[in-house]
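Structure first, commentary second.
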Amino acid sequence: MKEISWQDFSQVELRTGTIVEVHDFPEAREPAWKLVIDFGPKLGKKKSSAQITDLYSREDLTGKQIIAVLNFPPKQIGPFISDCLVTGFIQDDESVVLAVPDKHTANGLKLA
């Protein structure tokens, strides 16, 4: 594992958001959802593609708070542009468990 400095970590914009829309993504190479996530009035809504279909249905995700990285450049995924990276933990079977706040928080808060 590569060691980083506190200054490096402080540059990562990990923010809370609420998933407000979940769409199918049939063009994806691996099963994935297209998400629209609300990061509050200052940051607005952003889109992300997430390979989390093994453990999460559309109903599970709608209204769920998540943690995402907002300061990566946009990424082209097939015909879709992803504006942020939803975070999670990859299990041995390759399924992903989302990283989420323990309690409800305001959208857009920065992880410290």
Report summary line: Taking region 86-100 and the residues there that are among the aliphatic types (A, V, I, L, M) and under 9 Å from the mean Cα position of the chain (by Cα), the one that is farthest from Leu14 (Cα to Cα) would be Leu98
Report summary line: For region 51-79, pairs from a residue that is under 19 Å from Phe89 (Cα atoms) and among the polar types (S, T, N, Q) to a residue that is buried (at least 17 other Cβ atoms within 10 Å of the Cβ) and at pLDDT below 95, with Cβ under 9 Å and 6 or more apart or across chains, are Gln51/Ala28
Query raised in the report: Quick one: what pairs do we get from region 81-102, first residue in contact (Cβ under 8 Å) with a residue 40 or more places away in the chain, second of a type in the set (Ser, Thr, Tyr) and not in a loop (DSSP other than H, G, I, E, B), C-beta under 8 Å, 6+ apart or different chains?
Result: Cys84/Ser48; Val86/Ser48; Pro101/Thr16
Query - Hits in region 5-22 - residues which are closer than 10 Å to Lys64 by Cα and among the hydroxyl-bearing types (Ser, Thr, Tyr) - result: Thr18
Query raised in the report: Are there any pairs with C-beta distances below 7 angstrom linking a residue in region 1-29 that is surrounded by 12 or more Cβ atoms within 10 Å (Cβ to Cβ) to a residue that is in a helix (DSSP H, G or I), with the two at least 6 apart or on different chains, and if so which?
Result: Ile19/Leu61; Val22/Arg58; Val22/Leu61
Query raised in the report: Looking at region 59-108, which of its residues are assigned to a loop (DSSP other than H, G, I, E, B) and of a type in the set (Gly, Ala, Ser)?
Result: Gly63, Gly78, Ser95, Ala99, Ala106, Gly108
Report task. Among the residues of region 55-112, write down those that are surrounded by 11 or more Cβ atoms within 10 Å (Cβ to Cβ) and among the charged types (D, E, K, R). Result -> Arg58, Asp60, Lys64, Lys75, Asp83, Lys110
Report task. State whether one or more residues within region 75-83 are charged (D, E, K, R) and more than 30 Å from Trp6 (Cβ to Cβ). Result -> no
Report task. Would you check if Phe39 is within 21 Å of Lys103 (Cα to Cα) and either surrounded by 18 or more Cβ atoms within 10 Å (Cβ to Cβ) or of a type in the set (Val, Ile, Thr) (or both)? Result -> yes
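The values are calculated or read from the model by the stated rules, or taken from the named source; none is laboratory data. Given the structure is predicted, the values throughout are model-derived calculations rather than measurements. Neighbour counts are summed over all protein chains in view; Cβ atoms, including those assigned to glycine, are modelled from backbone coordinates with ideal geometry.
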